[in-house]
Amino acid sequence: MIASRKLRCFAALCFLSSALCFADDSPHLATSQNRAAAGKLENGVLTIHLELRSGLWRPEAEDGPELFVQAFGEEGKPAQVPGPMMRVPAGTTIHATVKNTLKVKAILYGLHARPGDAKDSFELKPEESREVTFAAGDPGTYFYSARTSTDYPDLPPLRDDAQLNGAFIVDDPRDTTPDRVFVINTMFVKGEVFHPTIEILSINGKIYPFTEPLEYTEGEAVRWRVLNPGVSEHPMHLHGAFFNLLSVGSAEKEAKYAPGERQSVVTEDMVRASTMMMEWKPPHEGRWLFHCHFHAHISHDERVPVMIDNIDAAPPKHEHHDMMMSDMAGLVMAINVKPRADKKPAPMVAAARKVDLVVEPTTDQGKSPTFSCSVREGKKIVASQEKAMGPPIVVTRGEAVEITVLNHLKVPTTIHWHGIELESYYDGVMGGGSGSQMTPAIAPGESFVAKFTPNRAGTFIYHTHAATPEQLSGGVYGALIVLDPGQTYDPEHDRLLVIGTRDADFYAKRITINGSESPNDVALLAGVKYRLRVINMAPELMADLQFGTAEHPATWRAIAKDGAALPARLVKSGDAKLHIASGETYDFEFQPQTKGDVPIEVKNTLNDAKTLSRFVVQ
Ligand SMILES: [Cu+2]
């Protein structure tokens with residue numbers, strides 16, 4: 001309550017944004033879990049009366065801080081964040097009336113048949129209404145929206161109007177699989193886009209730890225439609241399980257994939273104004289997370305009191321995740337997976353491999369400290385060697401491994417095994433585990449034994465899951481390579497290209513390649529085929545990677561994403577250009593044909609900061 005009372009006195013900010021100033025009698029907005037369709041469906045016609053209104057949104061607790069925003073509502077009901085869900089079977093006609101009760105002009109998008117044209121919009125003056133009638137069109141996951149702000153006209157609405165949207169789902173009558181609909185919204189209360197002092201991120205109108213706790217059973221088929229109508233990009237990552245992409249789309253259109261054509265991933269980079277339909281089966285019981293992989297979008301600083309009033313918000317208790325990453329906030333959903341009814345205790349498997357991972361500070365403990373990771377197995381020790389990145393850990397599919405993490409830092413840490421389908425307790429998220437068994441943070445001087453048997457070969461990541469970004473930007477991460485049985489690691493032909501940043505900021509300038517801001521040349525042989533494992537492990541980086549020049553790009557062949565083989569439609573040779581967000585991995589085959597230099601460029605797409613390297617082909 002302190003936070004909300006303070007908000008009401010924040011008059012100075014009113015000059016910057018009306019989101020923080022409002023009359024005391026403003027109505028409260030509801031938040032929506034997108035479970036029920038809005039309007040009235042009768043004889044193949046959906047009748048819906050939408051209104052554009054404004055009111056007080058509570059993205060945290062129901063007695064928590066309030067933000068004055070614009071939102072859609074159905075006539076006679078409270079306006080809501082996100083807006084009312086239009087959900088109809090294909091073949092339905094939609095008869096909608098829209099009324100603008102705001103004191104400003106609004107432009108409405110998406111109230112037409114799908115596929116549609118984003119330019120197909122109409123304007124409503126204050127108090128003006130309009131009736132529209134249209135066929136729903138092709139089945140898919142879409143959204144409608146409205147804009148009242150005038151800055152950044154080429155971007156999705158991002159000010160007080162950032163919550164002015166709602167899901168528009170057209171169901172395929174032949175597919176009755178139940179699903180859930182999650183809408184991610186992004187609002188910049190003031191400041192420049194992506195350089196905000198205040199960025200409010202929510203899923204179905206709530207900020208973690210106030211997002212809806214999800215509950216499933218091991219092996220159950222789970223289908224989600226995830227919508228990102230907003231301006232920001234979010235690489236959405238699922239812990240402990242792969243998910244299949246059934247479709248990807250936008251407000252207006254969608255691409256659908258048949259079972260054999262679907263990509264299997266652990267992170268899907270949801271670019272601005274995008275949608276996806278995903279399906280997965282939780283392989284293991286316990287407490288899990290689905291979250292954005294940009295550290296800034298899941299940090300404690302995402303709490304409203306922290307952002308707006310600089311008040312250190314006490315971490316509230318979460319229904320299922322009592323101690324789960326109490327320092328996380330923002331774009332996170334907690335998932336509790338119950339054991340199958342017929343579950344038998346798993347047999348004890350003696351680990352064939354025992355590996356130590358030692359995390360320690362380097363002598364560089366200045367403003368942006370670096371950390372050293374060393375991997376020990378028997379007498380063999382491989383260390384970071386003055387780079388802000390750990391050495392690869394190489395394991396074998398089907399072979400049980402025990403990795404002892406020894407924390408020689410002065411602060412707690414945890415190590416997450418990104419992309420591995422392991423038991424929750426070993427996943428490296430503080431508060432994870434199942435039942436009363438709870439994953440601890442590894443205190444300074446302590447150790448933790450992670451046990452797993454990788455069930456697919458590919459490129460994965462080990463990385464710190466600590467609440468603050470210093471460990472990530474300081475190099476507490478590395479590649480986790482899973483080989484097929486019988487295969488031996490061949491670092492000559494199996495190359496890593498791991499992208500990081502030494503500054504934890506969307507506008508990071510200090511981009512690293514394999515832990516170095518000034519990477520060495522990479523010697524290759526002409527005519528020889530290499531496997532390249534590309535990883536983005538920066539705290540928050542939307543990176544563009546390119547081999548060759550913009551005019552003369554090199555050629556490579558994509559083969560895997562996040563450790564899973566790509567479907568045939570995506571396995572192809574093409575220009576060596578890749579957009580890769582934090583938390584994604586890609587595998588390519590690269591076979592330089594002629595001798596000479598091939599430039600390597602990694603660019604931050606927000607500020608064009610670059611780190612360059614080159615292949616020297618002999
Ligand atoms: Cu994000």
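The values are calculated or read from the model by the stated rules, or taken from the named source; none is laboratory data. Bear in mind that the values here come from a model prediction, so they are computed numbers and not experimental data. Glycine also receives a Cβ, built like all others from the backbone with ideal geometry; neighbour counts cover every protein chain displayed. For accessibility, only protein heavy atoms count, side chains too; no ligands or nucleic acids. Shrake-Rupley method; radii C 1.70, N 1.55, O 1.52, S 1.80 Å.
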Problem set entry | Eligible aspartates and glutamates near K410 by straight Cα distance, threshold 15 Å, same-chain separation 8 or greater | E360, D364, E446, E470
Exercise. Net charge near S573, counting Lys/Arg +1 and Asp/Glu -1 over other residues with Cβ under 13 Å of its Cβ?
Worked result: +2
Problem set entry | Reach of K190 by Cα under 19 Å, taken over lysines that are not fewer than 8 positions away in the same chain | K6
Problem set entry | Rough spin-label spacing in nm, given labels placed 7 Å along Cα→Cβ, for L155 and A565 | 4.1
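Quickly estimate the mean residue ellipticity at 222 nm for the chain, helices only: each DSSP H run with n ≥ 4 gives -39500 (n - 2.57), and the total goes over all residues, rounded to 500.
Working: 2 runs with 11 residues, N = 618.
That comes out to -500 deg cm²/dmol.
What full-extension length gain, to one decimal in nm, is calculated for N455 and R272 as 0.36 nm per residue of separation minus the Cα-Cα distance? Numbers along the way, then the final one.
Details: separation 183, 0.36 × 183 = 65.88 nm, distance 3.31 nm.
Length gained, N455 through R272: 62.6 nm.
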Seminar exercise, completed: Those GluC sites (Glu not before Pro) from segment 535-618 that are DSSP loop and have at most 11 other Cβ neighbours within 10 Å turn out to be E551
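On the accessible surface of the chain, probed at 1.4 Å, how many percent belong to carbon and sulfur atoms?
On the way: 12820 of 24860 Å².
So the carbon and sulfur contribution to the accessible surface is 52 percent.
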Problem set entry | Farthest toward positive dipole pole in the chain [+1 Lys/Arg, -1 Asp/Glu at C-beta], among A352, A467, W224 | A352
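Quickly rank 489-496, 360-367, 100-107 as a protection proxy: mean count of other C-beta atoms within 10 Å, highest first.
Details: 489-496: 14.1, 360-367: 11.9, 100-107: 17.6.
By packing density, highest mean first, the sequence is 100-107, 489-496, 360-367.
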Problem set entry | Residues in segment 363-379 reached by a label modelled at H408 [backbone nitrogen below 19 Å; 7 Å Cα→Cβ] | 363-366, 369-379
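Please give the length that would be gained between V616 and K281 if that part of the chain were fully extended, namely 0.36 nm times their separation in residues minus their C-alpha to C-alpha distance (nm, one decimal). Walk me through the intermediate numbers first.
Numbers: separation 335, 0.36 × 335 = 120.60 nm, distance 4.46 nm.
Full extension of this stretch gives 116.1 nm more.
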Exercise. Taking a ≥ b ≥ c as the square roots of the eigenvalues of the Cα gyration tensor of segment 353-488, is the shape rounded (a/c under 1.5), prolate (a/b larger than b/c) or oblate?
Worked result: oblate
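What ranking, highest mean first, results for peptides 276-283, 74-81 when packing means the other Cβ atoms within 10 Å averaged over each residue? Walk me through the intermediate numbers first.
Numbers: 276-283: 19.6, 74-81: 17.6.
Final packing ranking: 276-283, 74-81.
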Seminar exercise, completed: Other residues with Cβ under 10 Å from the Cβ of F371 give, with Lys and Arg +1 and Asp and Glu -1, a net charge of -3
Exercise. What distance in nm separates the simple spin-label points at T93 and D327, each placed 7 Å from Cα in the Cβ direction?
Worked result: 5.9
Exercise. For the pair A383 and R130, how long in nm is the line joining their label points, each one 7 Å along Cα→Cβ?
Worked result: 6.7
Exercise. If you average the sequence gap of Cα pairs under 8 Å that are 6 or more apart and divide by the length of the chain, what percent do you get for the contact order?
Worked result: 9
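With the other protein chains left in place, how much accessible area per residue, in square angstrom, belongs to the chain at a 1.4 angstrom probe?
Values: 24860 Å² over 618 residues.
Using a 1.4 Å probe on heavy atoms only, each residue of the chain averages 40 Å².
Once you sort the root eigenvalues of the Cα gyration tensor of segment 435-550 as a ≥ b ≥ c, which label holds: rounded (a/c under 1.5), prolate (a/b larger than b/c) or oblate (the other case)?
It comes out oblate by the Cα gyration axes.
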Seminar exercise, completed: hull vol. (C-alpha, convex hull) per residue for the chain, Å³ -> 161
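May I ask you to order 118-129, 438-449 by the average number of other C-beta atoms within 10 Å around their residues, highest value first? Intermediate results must be reported in sequence, preceding the final value.
Numbers: 118-129: 12.9, 438-449: 16.3.
The packing order, highest mean first, is 438-449, 118-129.
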Exercise. In terms of Cα to Cα distance under 22 Å, which lysines are near enough to K343, apart from those fewer than 8 places away along the same chain?
Worked result: K281, K451
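Starting from 0.36 nm per residue, how many nanometres of slack lie between H493 and A523 once their C-alpha separation is accounted for? Walk me through the numbers on the way to the answer.
Working: separation 30, 0.36 × 30 = 10.80 nm, distance 1.10 nm.
Value of the extension gain: 9.7 nm.
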